[in-house]
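The values are calculated or read from the model by the stated rules, or taken from the named source; none is laboratory data. No experiment lies behind these values; they were computed from the predicted model shown. Backbone-built Cβ (ideal geometry, glycine too); neighbour counts: all protein chains shown.
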């Protein structure tokens, strides 16, 4: 049996966010991996290649066989943080995995809505097994982890030992010989690959048809619960309950707001009464505009005459102190008469002000006028709060709308509860959710068939199946015409495809110099033979750089061979920096074609 278990066509574990507090050169850094399947996600930068080890350490801890290698990531200062976290998405939901590497502490949390719930650390083992298919880091590295300068196959991985046993069964590895009829071999390989794809496609369509029929039968049983689903196929009871609660809160908010406004109105009225009382304390006959104008005019005249008086007095004082008089006796006498006249005028003005102001000082009177005007302005604003009145009307309208909405939602809820009848509400919800799941699955399956038909410009499922069956027949006839003497491999056909896939990769990586790979067992060790330009070569005869490419090609093909239910991310650490741009694109295009349902993460170190 394979160490990995399968159910086809389901996307599983996806890496979303890697946060590193401390791990080698990475301090307080965050790396986002976009949601992408069958597309190479590139992360470039100096010293970026250590990210791969960070991901492996978070998932598996420090594997025993790599503890020495991981020591390079220890912090130089024991006080520094040495931890990281990984946000992953799985079939079961989103999980946050955190590790404190210094204390070897593992924490696992699950996202439920906007909250995180702590889970036992053993949950990670269940996730790895259900999502990746293995708990063994050796198997994970053999299939899904490709580091530059570390591409050689680990013979100790259980999955490699199992593969060796498959090859040893009936000496099957000896039958996988390199075919010298290259054109026939390539044609057979392509035809067989297309045949497998067609058969899987037909099988998948028939399976989808059968599933749609089952779903439709089950849908009929739950048709009366259609009323409990919204137009977006969501739980209508839950939506209405949530909206009703929101409407009740909104109604309560505006009620409280209006209550506060009423309280504010009472405060305003109290302040207005106080101001009125203050205003009535003034003698309003004294503070009329006419009297104010007369007082201001008198003060102005007083100030002008006072200034003139001071000027004349100053001139006379200067004259008295002078040696020579600039004025004649007559002019001096005239100034004295004028001064006496000004004094009389000022006395009259003071008397007028006293009578007008009823013994108040003019300055005090003006201050009181200013204070009275302030009181009157404040009272006017309090008695006419136009903005507040507009807000009151608006809040009242919003309150009425909230009350009406709450009432309408309550009626809708009551109608649904009446439809539920004697059934328990949780039972009704469960059945409505089941109906929703049925509809979603049915739509998904129909869309899958529709997309296939659209690609081939076929309108009905029957036309699509007939077309695929006809294509299958043509391929089978073409295969029958290939040389009958070519060795058949029977039940071991998938292994042939594995080595054909590995050969295709090797041809790209070596620009066509090496084209075919077949296995060779030495003791309990798996080695390879490859077809070169002139002859077949043993692994021992090949330079180390090419040997790594052979192992890289085989490991990628092996990963494709074992993938089915489990869809782990493919982690690449700059594995082919030596290829030119054209061959690099061919290599990555092949990966994207092979791993259409996987997340492919490429870390490239750019100095």
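Figures for the structure shown
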| item | result |
| --- | --- |
| For residue 42: the one exception among (1) surrounded by 16 or more Cβ atoms within 10 Å (Cβ to Cβ); (2) in a strand (DSSP E or B); (3) modelled with pLDDT under 85 | (1) |
| Residue within region 121-138 that is closer than 29 Å to residue 605 by Cα, surrounded by fewer than 14 Cβ atoms within 10 Å (Cβ to Cβ) and not assigned by TED's automatic domain parsing to the domain that holds residue 14 present | no |
| Single condition residue 189 does not satisfy, out of (1) crowded, with 16+ Cβ neighbours inside 10 Å; (2) at pLDDT below 80; (3) under 30 Å from residue 536 (Cβ atoms) | (2) |
| Filter pass, residue 86 being under 25 Å from residue 142 (Cβ atoms), modelled with pLDDT of 85 or more and part of a strand (DSSP E or B) | yes |
| In region 321-333, residue farthest from the chain's Cα centre (by Cα) [restricted to those that are loosely packed, with under 13 Cβ neighbours inside 10 Å and modelled with pLDDT under 65] | 328 |
| Qualifying residue in region 565-582 (condition: part of a helix (DSSP H, G or I) and more than 27 Å from the chain's Cα centre (by Cα)) | yes |
| Lone qualifier among 516, 531 - being under 29 Å from residue 585 (Cβ atoms), crowded, with 18+ Cβ neighbours inside 10 Å, at pLDDT below 90 and more than 48 Å from the chain's Cα centre (by Cα) | 531 |
| Index of the failed condition, residue 107 passing every other in (1) in contact with a helix residue (DSSP H, G or I) (Cβ under 9 Å, 6 or more places away or on another chain); (2) over 22 Å from residue 552 (Cβ atoms); (3) assigned to a strand (DSSP E or B) | (1) |
| Selection status of residue 68, over 17 Å from residue 129 (Cα atoms) and touching a residue at least 24 places away in the same chain (Cβ under 8 Å) | no |
| Residue in region 350-357 that is more than 60 Å from the chain's Cα centre (by Cα), within 30 Å of residue 268 (Cα to Cα) and exposed (fewer than 12 other Cβ atoms within 10 Å of the Cβ) present | no |
| Those residues of region 391-447 which are modelled with pLDDT under 75 and closer than 30 Å to residue 206 by Cβ, in sequence order | 431, 433, 434, 435, 436 |
